[in-house]
Amino acid sequence: MGAWWDRNIIDPGKLPLLLALAAFILAFVVVRGITRLIRAGKGPFRNIAPGGLHIHHAVPGVLLMVAGGFCAVGSGRHGVGAGIAAVVFGIGAGLVLDEFALILHLSDVYWTEQGRQSVEVVVMAAALGVLVLAGFSPLGVADVGPEEHDGRTGVIVGTLVNFCFVVLALLKGKPRMAVLGVLVPMLALVGALRLARPDSFWARRFYRDRHRTRARATLRFYRRDRRWAGPRHRLENLIGGAPDPTGSGAQGRTRK
């Protein structure tokens, strides 16, 4: 175990990434647990509102991300300083992305249906961190052979091709596949080749006069969304808590 740890984590300089990922997930879990306790009126936790100003936890999160990021840049990938900076950055990222929906909509939507976007982004960020930790390289650069590594042309062409797949998947209304496809090119390729979502830019631009294709896309994504919406929402509710059925997500009365 010690040899595996040194070979796969310590020597490649991945320990800060591992610490940042662990701190990120732990910070999200802790802050979600606290907010759910506050929402239920249990425990000693209360909203932080000095002078009547509600302080969202994204605020200290941003400060921690800035501090941890600058320290990480200056400390390299090895040593105690790199580990501390990674933990600080991970905690800050967890606090900020927990309120991603609030930042996106510039509105207090924490406990609404729109607030689910925070949970989705956190899950995506954690998945990306795990993939990078496992050795996946952005845009598949690591997939080229040793001979191609010796020539810049092969690397550039491979990167551009994978980047095109990512962009096509994004244009076809598949942001999750596009984001994960940055590290796993096959996912971006699948997203790029399959039918676009009917509300995507690609469908509006290229399916406008192709009524049969548009009908196929609409039926396919209707069936897929109906099949997976329930399980996805149950998982999101398990991770982040169920949205307020009244549609009111005001953090002033439910948040710390």
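Determine, at each q value in 0.16 (inverse angstroms), the log₁₀ of I(q)/I(0) that the Debye formula gives when each Cα of the chain is one equal point scatterer. Log10 of I(q)/I(0), two decimals: -1.28. Only Lys, Arg, Asp and Glu count, each charged at its Cβ (+1, +1, -1, -1), so figure out the dipole size of the stretch 1-76 about its Cα centre, rounded to 20 debye. For this selection, approximately 460 debye. Karplus-based coupling profile of the stretch 81-98, in residue order and whole Hz: x, 5, x, 5, 4, 5, 5, 4, 5, x, 4, x, 5, x, 5, 5, 6, 5, with θ = phi - 60° in 6.51 cos²θ - 1.76 cosθ + 1.60 and x standing for Gly or Pro. Assuming charge only on the beta carbon of Lys and Arg (+1) and of Asp and Glu (-1), the dipole of the chain about its Cα centre is about 1460 debye to the nearest 20.
Of the solvent-accessible surface of the chain, computed with a 1.4 Å probe over protein heavy atoms with every protein chain present, carbon and sulfur atoms account for 69 percent.
Rolling a 1.4 Å probe across the protein heavy atoms gives the chain an accessible surface of 58 Å² per residue.
Computed from backbone phi, the HN-Hα couplings of the stretch 160-168 come to 5, 4, 5, 5, 4, 4, 4, 5, 4 Hz, rounded to whole numbers (Karplus: 6.51 cos²θ - 1.76 cosθ + 1.60, θ = phi - 60°; Gly and Pro given as x). In terms of packing, defined here as the mean over residues of other Cβ atoms within 10 angstrom, the peptides 90-103, 67-80 line up highest first as 90-103, 67-80.
Annotation for ASP225 and GLU113: the two label points, set 7 Å from Cα along the Cα-Cβ direction, are 1.0 nm apart. Report the calculated FRET efficiency for ARG234 and ASN47 (r = Cβ-Cβ distance, R0 = 25 Å), to the nearest 0.05. Efficiency for this residue pair is about 0.30.
Of the residues VAL179, SER200, SER107, the one whose Cα sits farthest towards the positive end of the charge dipole of the chain is SER200 (charges of +1 on Lys and Arg Cβ, -1 on Asp and Glu Cβ, taken about the Cα centre).
The values are calculated or read from the model by the stated rules, or taken from the named source; none is laboratory data. Worth saying up front: this structure is predicted, and the values here are computed from it rather than measured. Note that each Cβ is placed from the backbone with ideal geometry, even for glycine, and that neighbours are counted across all protein chains shown. Surface accessibility is based on the protein's heavy atoms, side chains included, excluding ligands, DNA and RNA. Shrake-Rupley method; radii C 1.70, N 1.55, O 1.52, S 1.80 Å.
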